[in-house]
Each structure stands twice: as structure tokens, then as C-alpha cells.
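Every read-out reported here was derived from the displayed coordinates using simple, explicitly stated rules and does not represent laboratory data. Predicted, not measured: the structure shown is a model, and the values here were computed from it. Neighbour counts are summed over all protein chains in view; Cβ atoms, including those assigned to glycine, are modelled from backbone coordinates with ideal geometry.
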Amino acid sequence: MDMLGMLSQTIVYLCFAILMGSFILAIVPESARPSIFVPKWALLLSTIGLALFSFFPVLQILFYLVPNMGLADTLQSVLFTFEVGKAWLFTFIVSIILFLFIALFDDRANRFYCAIAIALTFLLILALGWSSHASSYNQLLGFVSDTIHFTAVAVWVGVLIIVSWFSKNHSNWASFLKWFTPVALLCFTATIVSGLLLMDIIVEDYTNSWPISYGQMLLMKHLLIIPLVVFAAINSLFIKKKVQREASFNPLPWTKAESIFMLLIFSVTAALGQQPPPRETAISGNNVSPLFSYIYQGQIQQNMSVQFAPNATAIMLGVLTLLFLVLMIFSFLKKMPAIMTFMMGIFIVLSGYLCLILSIK
């Protein structure tokens with residue numbers, strides 16, 4: 001059930017990114033972006049995906065309550081009294097409106113129509129923030145932080161995914177980077193600030209949450225940000241200069257690699273939503289993450305406190321992490337295929353993770 005929940009939430013995030021990226025790029029003048037074609041069926045399918053896969057949290061509650069209350073009473077109770085149910089009902093209604101709007105008024109050459117579509121997509125993001133973990137802890141701050149967090153991600157990732165996978169060419173790339181780089185930087189800053197606020201709301205002690213599954217996923221998400229930032233720097237700084245010098249250079253493989261890292265972060269974020277938050281989970285031998293139990297060298301104790309005492313193995317892994325970071329940049333400078341840079345990024349995450357876990361006393 002957790003795996004299905006993670007998959008459904010990942011698809012929801014991807015649908016948001018496709019919709020937001022498509023409508024934003026439709027507003028941008030053709031001279032400031034590559035030639036892009038996103039078929040109408042992709043937008044309609046994304047809208048259906050939002051309505052369908054966002055129902056999974058409601059379905060989980062139904063499975064839990066139906067044996068005691070019956071289907072009709074449970075469905076009525078969940079949809080009209082549970083926050084997650086009311087949020088999905090709102091999502092379903094707005095998704096229908098957006099679906100009909102795209103089906104009947106799909107004129108992406110008209111900026112006014114695109115602005116309406118962006119507004120409808122933002123309403124759906126509001127519903128996502130409404131039903132989030134953070135909102136259940138702190139209704140106003142959690143809702144605002146989660147909404148800002150996901151809006152920034154949807155804009156950044158959405159534009160990147162559409163440009164990477166739906167571009168017919170890489171013309172006007174320098175002009176595209178001229179406006180997208182500051183937008184991405186603004187989105188990244190908003191993501192970090194709102195993410196710290198969310199972590200303060202949900203996680204009482206960051207490092208002490210690492211032994212449980214939620215903390216493991218959160219750590220993995222933060223480690224994935226490191227190669228993502230390197231890719232962002234390569235795509236916004238190094239490639240910009242390279243495109244200006246070599247008009248024939250194709251930057252799309254590098255943006256595709258960056259977008260895949262984004263999708264990995266989506267998956268980890270979706271997995272976070274399937275785990276009980278640390279404020280509700282006391283560390284014990286029964287609820288410690290299986291991965292942490294397998295790698296951790298010490299004895300797991302009730303309500304253990306994570307302390308660091310790096311040993312020789314952890315230090316070597318830390319050095320290896322830095323080496324992979326250098327190699328990630330070096331592989332681009334030496335004109336290696338984008339897959340090599342991508343693999344260096346994966347090794348950064350793996351070696352960095354092992355370094356931190358093996359440093360725990």
C-alpha cells in the first residue's frame with residue numbers, strides 16, 4: 001500500500017509539473033524559448049491524473065474505516081468531515097473545470113487563456129497544501145509554507161521538464177536561459193526557505209529522525225539536492241557560455257538529466273507523505289527503518305539520540321563524496337556524455353548517505 005501511495009503521489013507531482021510548465025511556456029514569447037509542442041492529450045491526461053491519483057489518501061482511509069462503518073457512511077464522512085476528503089473533493093471539482101477548459105479552449109497562443117489555466121492549476125496546488133502533513137500541525141503556517149514550497153517546485157520543474165522533453169529543437173537557448181535562470185534561482189530560494197519552515201513544523205529534531213523511515217527519506221531528499229544544484233549550475237552557467245560559443249551544441253541531454261533528478265526528488269517526497277511524521281514516532285527496535293538497521297553499526301536503543309563520531313571508513317566516504325562532486329563538473333568540462341555526469345550525481349548521494357550513517361555513534 002505504501003508503494004502504491006508513493007507511486008500515485010509521484011504521478012500527481014508530475015501532472016502538476018506538466019500542466020504548470022506547459023501554460024507558463026505558452027505565455028513566454030517564441031523568441032525567448034525553443035520551439036515546443038505539448039499535445040492536448042498530454043494536458044488532458046495530466047488533469048485526469050490529478051483527479052484520479054490524488055484520491056489515493058482518501059482510499060487509504062476508506063479501507064481502514066469501511067469494515068466498521070460501511071461504504072456509504074464512510075464515504076460521506078470522509079469526503080465531508082475529513083480535511084483530506086474535503087481537499088480531494090475540491091481537487092476533483094477544479095480538475096473537471098480545468099479539463100473542460102483545456103478541451104474547449106485550448107488556445108495556447110492566447111495568453112489570457114493560459115493565465116486562466118495557470119490560476120486553475122494554482123487552485124489545485126492550494127488543495128494539496130490544505131491536506132498536507134504540515135497543515136495538520138499548524139493550519140496557517142503549514143498551509144502557506146507547503147503551498148509556497150510546491151508552487152516554486154512546480155514552476156521550476158515544470159518548465160524544465162517541458163523544455164527538456166517536449167522541445168522540437170534547442171533554438172533561442174541563450175534567450176531562454178536569460179529569463180529562466182533568475183526564475184529557477186528564485187524558485188530554488190523559495191523552496192529552501194519554505195522547506196526549512198516545513199521541517200521545523202513536522203520534524204522536532206532533524207538528525208534524531210534519521211533512524212525512522214521518515215527521517216531516512218528526508219535525508220535522501222536533501223542529499224539529492226546536492227547533484228541537482230550542480231546540474232542547475234552547469235545548465236545555467238557553463239552551458240550558457242558554451243551555447244554562445246558553439247551554436248550547434250545541444251543542451252537538451254543535460255536538462256533531461258537534471259529533470260530526472262527532479263523526478264527522483266518527487267519520488268522521495270511522495271514516499272515522505274506515506275510515512276508517519278517524526279513528531280508522532282518514538283524510536284524503538286520495531287519502527288526503525290530497515291535500511292538504517294542494515295547499515296548502522298551500533299545498537300539501536302529506545303529513543304536513541306543520534307551523535308556523530310566519524311571513523312576512518314566514514315571519513316574516506318566523505319572524501320569520496322567530494323571527489324564525485326568534482327568529477328561531476330569535470331565530466332561536463334571534458335565533454336563526456338550527460339549520462340556520466342548523471343552517474344556521478346548518483347554516486348554523490350550514495351557515498352554521502354553512507355558517510356553520514358556510518359558516522360553515527
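Across Ser289, Ser213, Ser54, mean-square fluctuation computed from a Gaussian network of the chain (C-alpha pairs under 10 Å connected) peaks at Ser289. How fast does the range 191-257 diffuse by Stokes-Einstein, in µm²/s, taking the Kirkwood radius from C-alpha pairs at 37 °C and 0.692 mPa s? Reported coefficient: 229 µm²/s.
Across the range 54-101, the volume of the C-alpha convex hull divided among the residues equals 64 Å³ per residue.
Here the Kirkwood formula, the inverse mean of 1/r across different C-alpha pairs, assigns the range 212-361 a hydrodynamic radius of 17.1 Å. Expressed in Å, the radius of gyration and Dmax of the Cα atoms of the range 61-209 are 19.2, 61.
Taking each residue as 0.36 nm, the span from Met343 to Gln299 lengthens on full extension beyond its C-alpha to C-alpha distance by 12.5 nm.
A cut-off under 12 angstrom between Cβ atoms defines the neighbours of Phe80, and their net charge, with Lys, Arg +1 and Asp, Glu -1, is -1. What does the charge count around Pro253 come to, taking other residues whose C-beta lies under 13 Å from its C-beta (Lys +1, Arg +1, Asp -1, Glu -1)? Result for the local shell: +2.
Between Pro211, Pro67, Pro337, the Gaussian network model of the chain with springs among Cα atoms under 10 angstrom shows the greatest mean-square fluctuation at Pro67. Relative contact order for the chain: 20 percent, from Cα pairs under 8 Å spaced at least 6 residues apart, divided by residue count.
The alpha carbon convex hull volume per residue for the chain rounds to 135 Å³. Could you please state, rounded to a whole Å, how far the C-alpha centre of the range 330-358 is from the C-alpha centre of the range 71-95? Taking the Cα centre of each part, the range 330-358 and the range 71-95 sit 43 Å apart.
Magnitude of the charge dipole for the range 245-361, about its Cα centre and with charges confined to Cβ atoms of Lys, Arg (+1) and Asp, Glu (-1), is about 220 debye.
Sorting 81-93, 324-336 by average packing, meaning the other beta carbons within 10 Å per residue, from highest down gives 81-93, 324-336.
When the listed pairs Lys241/Lys335; Lys178/Lys334; Lys221/Lys241; Lys221/Lys256; Lys86/Lys221; Lys168/Lys240 are checked against a 22 Å cut-off, the alpha-carbon distance exceeds it for Lys178/Lys334; Lys221/Lys241; Lys86/Lys221. Dipole check for the chain: with +1 at the C-beta of Lys and Arg, -1 at the C-beta of Asp and Glu, and the Cα centre as origin, the magnitude is about 1320 Debye. Structure remark: mean-square fluctuation, Gaussian network model of the chain, C-alpha springs under 10 Å; the largest value among Pro310, Pro39, Pro227 belongs to Pro39.
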